[in-house]
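The values are calculated or read from the model by the stated rules, or taken from the named source; none is laboratory data. Predicted model, so just to flag it, every value in this text is computed and none were measured. A quick note on method: Cβ atoms are made from the backbone with ideal geometry, for glycine too, and the neighbour counts reach across all protein chains shown. Each accessible area value is taken on the protein alone, full model and side chains, heavy atoms only, with ligands, DNA and RNA left out. Shrake-Rupley method; radii C 1.70, N 1.55, O 1.52, S 1.80 Å.
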Amino acid sequence: MCGIVGYVGRRSAVDVVLDGLRRLEYRGYDSAGIALVSADGRIEVDKRAGKLANLEAALAEHPLPESTCGIGHTRWATHGVPSDRNAHPHRSADGRISLIHNGIIENFGQLRAELEANGVEFLSDTDTEVAAHLLGREYAVDGDLTEAMTRVCARLEGAFTLLAVAADDPDTVVGARRNSPLVVGLGDGEYFLGSDVAAFISYTTEAIELGQDQIVTIDREGVAVRGFDGQASEGKPFSVDWDIAAAEKGGYDTFMAKEIHEQPQAVADTLRGRIDEAGQIVLDEVRMSDQDFRDIDKVFIVACGTSYHAGLVTKYAIEHWTRIPCEVELASEFRYRDPVLDRSTLVVAISQSGETMDTLMAVRHAKDQKARVLSISNTVGSTIPRESDAVLYTRAGIEVAVASTKAFLTQLAACYLVGLHLAQVRGIKYADEVSAILDELVAAPGKIAKVIENLDPVREMARESAGSDRVLFIGRHVGYPVALEGALKLKELAYLHAEGFAAGELKHGPISLIEAGTPVIAIVPSPRGRSLLHDKIISNIQEVKARGAKVIAVCEEGDKITAAHADLVIETPASPTLLAPLLTAVPLQEFAAELATALGRDIDQPRNLAKSVTVE
Ligand code: M6R
């Protein structure tokens, strides 16, 4: 939450910082601001409520003086409404320091009272402003911004990334991070700071990952890292393996449309090199030996939102393939209920961003309880993989749209790999089935591409449903998490009441929501094999139809039974039941995007949301 950019170099800082903010806007978009340090020792600030475009328009009308050093911020409000005065940067009382912040300073109330008692006048309702005033006071002591930041961090509690500039030091940006992301970009005589690498991907792919409780100083000479204890330290260098094109819309109207279309490739990339010619899953990179996998007697999956839905699907797969008990829990609930964990528990943390605070806290709790943590993440260098015992990266490439699409499908692919690997190293009873599933998994990208080629009818159904005041989604088995995911997509994009239900639960209450014409999207399992499941959902379709629902069924191609009962059908290629979510989720993504477009919503940046949720 909140995008942060810092720059020192030879270029125009306003251009670099605005470019970075454009690429980070998905992290928060209720206000934006910039502070530039001029060579003659002044800090110029402009900040505006609303999207970054408001700030850009203001700067076009009233340009700031030339500068090669600056910081910028795009905000997701926590303390104080989105407004010009609450937008970052915030200044110290003497105006000589400007500071931006991502996170929550939990002891801000106490610090604010102390500063006010000393005569400091506050200009905003934010928690951030206390850090600006504290930094101003500490900087006045010795004129060393890094030392001042070190002393300030010792007083702050909570989660924070801070970046600051000082008027007297026109070539330096100092950053600090605790429980909140910050990476360094390494250019030639120029250095960057960003909440993630997207901030500087136009300029360099070489980066440094910072650790917990570290302070970084960039100037024209280079980068210096130290701990909050003042001791010199080092970050971990890495190269970004995607380029600027990945962060552009590439001819699509929205990032979400582009990312939906990238799914076959993203899934293929996630599988690439991880299944050998003998059909064995090779997960050498995860830093867990086969014996480690054999020692596991219980799996817990923790995640939030869409990633949680990937976890729910995985539970069905892991329990079936391995016979190891698997629980799935919302990360935000996990540590508060004292789950039973020990050395033989594997906790799988799924997070696209690798920064979600709820998931990070669940990971830390699991590690405290001595459980082994394997994270599945899309973001190299992010906090959750760094703090996990093992990591399996999805290879979706940067996902910019707030609504997750390709991240979800690649998480499923990675989770299937983990489940199948567990099954292979433990030697299980369904060995033939596991080997057949692997063939199907490899074939999945082609089938996903086929689903994407045939989305026109989905778009038409979405437009027809745009007048409805609610849409319900029902499913059984792995179709149930897909129903939850379809409803989440529609809620976040269209701001419409949408709910996913286990189809069998409808009769226990939710069926009273059905009125004449209520769209009900049913995720129908294959009629082959598990026909009992198919029969049951056909009954559920009949129950809602009898009460006036308009049923749109997502079913396997050639499923004549479903076609005979549903009002409309969306066909997907045949697939084993456990892998079907790779296909059935896709039309629901498109349905949500199209319906939201029909309602005039902002597809890539839905209201009130942010891509990376770094507060609890
Ligand atoms: O980065 P993460 O995977 O940890 O994010 C978890 C959720 O915040 C995320 O999946 C969210 O639910 C999506 N916006 C849904 O489309």
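Charges at C-beta only: +1 for Lys and Arg, -1 for Asp and Glu. How large is the resulting dipole of region 371-469 about its Cα centre, in Debye rounded to 20? Walk me through the numbers before you get to the answer.
Values: 10 positive and 12 negative charges, 72 e Å.
Roughly 340 debye for region 371-469.
Among ILE537, CYS555, VAL471, whose Cα sits farthest toward the positive end of the charge dipole of region 454-598 (+1 at Cβ of Lys/Arg, -1 at Cβ of Asp/Glu, about the Cα centre)? In region 454-598, that residue is ILE537.
Ranking request for peptides 110-116, 129-135: highest mean number of other beta-carbon atoms within 10 Å first, then the rest in descending order. Walk me through the intermediate numbers first.
On the way: 110-116: 15.4, 129-135: 27.3.
Put in order of decreasing packing, that is 129-135, 110-116.
Give me the dipole magnitude in Debye, nearest 20, for region 204-269 about the Cα centre, with unit charges on the beta carbon: positive for Lys and Arg, negative for Asp and Glu. Provide the component values of the computation, followed by the final result.
On the way: 5 positive and 14 negative charges, 18 e Å.
For this selection, approximately 80 debye.
Give the whole-number value, in cubic angstrom per residue, of the convex hull volume spanned by the C-alpha atoms of region 120-240. The partial results should precede the final answer.
Numbers: hull volume 14.0 nm³, N = 121.
Cα convex hull per residue, to the nearest whole number: 116 Å³.
From the square roots a ≥ b ≥ c of the eigenvalues of the alpha-carbon gyration tensor of region 3-243, which class results: rounded (a/c under 1.5), prolate (a/b over b/c), or oblate? Rounded shape, in that the Cα axes give a/c under 1.5.
Entry note: region 333-387 has Rg to Rh equal to 0.95, where both radii use alpha-carbon atoms and Rh is the Kirkwood radius.
Across q = 0.05 Å⁻¹, the chain modelled as identical point scatterers on its alpha-carbon atoms has Debye log10 I(q)/I(0) values of -0.23, in the order of the q list. Using only Cα atoms, locate the centre of region 538-572 and the centre of region 323-367, then give the distance between them in Å, rounded to an integer. For region 538-572 versus region 323-367, the Cα centre distance is 37 Å.
Take every Cα pair under 8 Å whose residues are at least 6 apart in sequence, average their separation, divide by the length of region 454-598, and the relative contact order is 30 percent. Distance from the Cα centroid of region 454-522 to that of region 1-29 is 38 Å (rounded to whole angstrom).
Dividing the summed -39500 (n - 2.57) terms of all DSSP H runs of n ≥ 4 by the residue count of the chain sets its mean residue ellipticity at 222 nm at -11500 deg cm²/dmol. Value of Rg to Rh for region 531-616, rounded to two decimals, is 1.08; Kirkwood radius and Rg both from alpha-carbon coordinates.
Peptide packing for 375-382, 320-327, 250-257 was compared via the average number of neighbouring C-beta atoms within 10 Å per residue; ordered from the highest value, the list is 375-382, 320-327, 250-257. Taking the centroid of alpha carbons for each part, region 206-252 and region 149-195 are 11 Å apart.
With Cα atoms as the point set, the radius of gyration and Dmax of region 483-563 evaluate to 12.8, 38 Å.
Tell me, what is the FRET efficiency for ALA516 and LYS560 to the nearest 0.05, using R0 = 25 angstrom and their Cβ-Cβ distance as r?
Details: r = 27 Å, r/R0 = 1.06.
Rounded to the nearest 0.05, the efficiency is 0.40.
The Kirkwood radius of region 155-307, taken over pairs of alpha-carbon atoms, gives through the Stokes-Einstein law at 20 °C and 1.002 mPa s a diffusion coefficient of 112 µm² s⁻¹. Using Cβ point charges alone (K and R +1, D and E -1), the dipole size of the chain about the Cα centre works out to roughly 1600 debye. Ranking ILE71, LEU412, ILE43 by how far each Cα lies toward the positive end of the dipole of the chain (charges on Cβ) leaves LEU412 at the top.
Sorted by accessible area (1.4 Å probe), largest first, how do ASP432, ASP19, ASP389 line up? All intermediate terms of the calculation are to be shown ahead of the outcome.
On the way: ASP432 130, ASP19 20, ASP389 55 Å².
Order by accessible area, largest first: ASP432, ASP389, ASP19.
Projecting the Cα atoms of THR572, ALA199, ALA596 onto the dipole axis of the chain, where Lys and Arg carry +1 and Asp and Glu carry -1 at the beta carbon, places THR572 farthest toward the positive end. The C-alpha atoms of the chain define a longest principal axis, and helix 581-598 lies at about 60 degrees to it. For the chain, averaging the sequence separation of C-alpha pairs within contact (under 8 Å, six or more residues apart) and dividing by the residue count gives a relative contact order of 12 percent. Divide the volume of the convex hull around the Cα atoms of region 259-451 by the residue count and you get 104 Å³ per residue. When you restrict to C-alpha pairs under 8 Å that are six or more residues apart and normalise by the size of region 259-451, the relative contact order lands at 30 percent. Express in % the proportion of alpha carbon pairs of region 65-117 at distances exceeding 17 Å. Here the long-distance tail beyond 17 Å is 50 percent of all Cα pairs in region 65-117. Dimensions of region 454-598 along the principal axes, based on C-alpha atoms and rounded to the nearest Å, stand at 38, 32, 24, largest first.
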